[in-house]
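Chemist: The following block contains the structure, expressed as structure tokens.
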């Protein structure tokens, strides 16, 4: 059998290929925690492989949940910047919508929370414990008020920066 007639993949294979490193998130739980585990900070419970809300038994294992750890470390998973004249004029409406989205998300997913709301340089900056929450708040604001929405993930893929801008203070 000559080289051209050998079946593909039947010879020596290269082992020096680049292997892409998996997404690294130091706040993600590695392995299984004992069931049940409760967060002493917020009361969330880890049961059957996920964090939920509920009443933990007194003998539950105690571990700080990833959201509380992010808050303690001041290390957001998502950043949402609201800019433009519209965001200044309609600040309370935008923040009310953001809080409504957070409340809806947090009801089923305790790790999705708003960490902080700041007003640097005439913009509104909302930091979240979860990239998906920043995205969902940005999507809700863009759907309700239009404007320009942009998403940027970090190289590692575990932090999201969302920017929404709408100029013009009028309208809604």
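Chemist: Considering only C-alpha atoms, what is the centroid distance from region 104-140 to region 45-98, in Å?
Modeler: Region 104-140 and region 45-98 have Cα centres separated by 7 Å.
Chemist: For the pair residue 104 and residue 167, what calculated FRET efficiency results from E = 1/(1 + (r/R0)^6), where r is the Cβ-Cβ distance and R0 = 30 Å, to the nearest 0.05?
Modeler: Taking R0 as 30 Å, the efficiency between residue 167 and residue 104 is 0.55.
Chemist: Separate question: Can you sort 153, 145, 46 so the residue with the fewest Cβ neighbours within 10 Å comes first?
Modeler: Final ranking by Cβ density, sparse to dense: 153, 145, 46.
Chemist: Residue 73 to residue 48: extension gain in nm, 0.36 nm per residue of separation minus the Cα-Cα distance?
Modeler: 6.3 nm
Chemist: Going by C-beta contacts inside 10 Å, put 162, 58, 63 in order with the fewest on the left.
Modeler: Ascending Cβ contact count within 10 Å gives the list 58, 63, 162.
Chemist: Would you mind putting 94-100, 134-140 in packing order, based on average other-beta-carbon counts within 10 Å, highest first?
Modeler: Descending mean neighbour count gives 134-140, 94-100.
Chemist: Highest mean first, how do 76-88, 31-43 rank when packing is the count of other Cβ atoms within 10 Å averaged over residues?
Modeler: 76-88, 31-43
Chemist: Same structure, new question: Counting DSSP beta bridges in region 73-165, what percent are antiparallel, to the nearest 5?
Modeler: Taking every DSSP beta bridge with both residues in region 73-165, the antiparallel ones total about 70 percent.
Chemist: While we're on this one: Mind sorting 51, 164 by how few other Cβ atoms lie within 10 Å of their own Cβ, fewest first?
Modeler: Going from least to most buried by this count: 51, 164.
Chemist: Using the beta-carbon distance between residue 143 and residue 61 and R0 = 25 Å, what value does 1/(1 + (r/R0)^6) give for FRET efficiency, to the nearest 0.05?
Modeler: About 0.05, to the nearest 0.05.
The numbers here are math on the coordinates, done by the rules we state, and not lab data. Bear in mind that the values here come from a model prediction, so they are computed numbers and not experimental data. Reconstructed Cβ throughout: ideal geometry from the backbone, glycine too, with neighbour counts over all protein chains shown.
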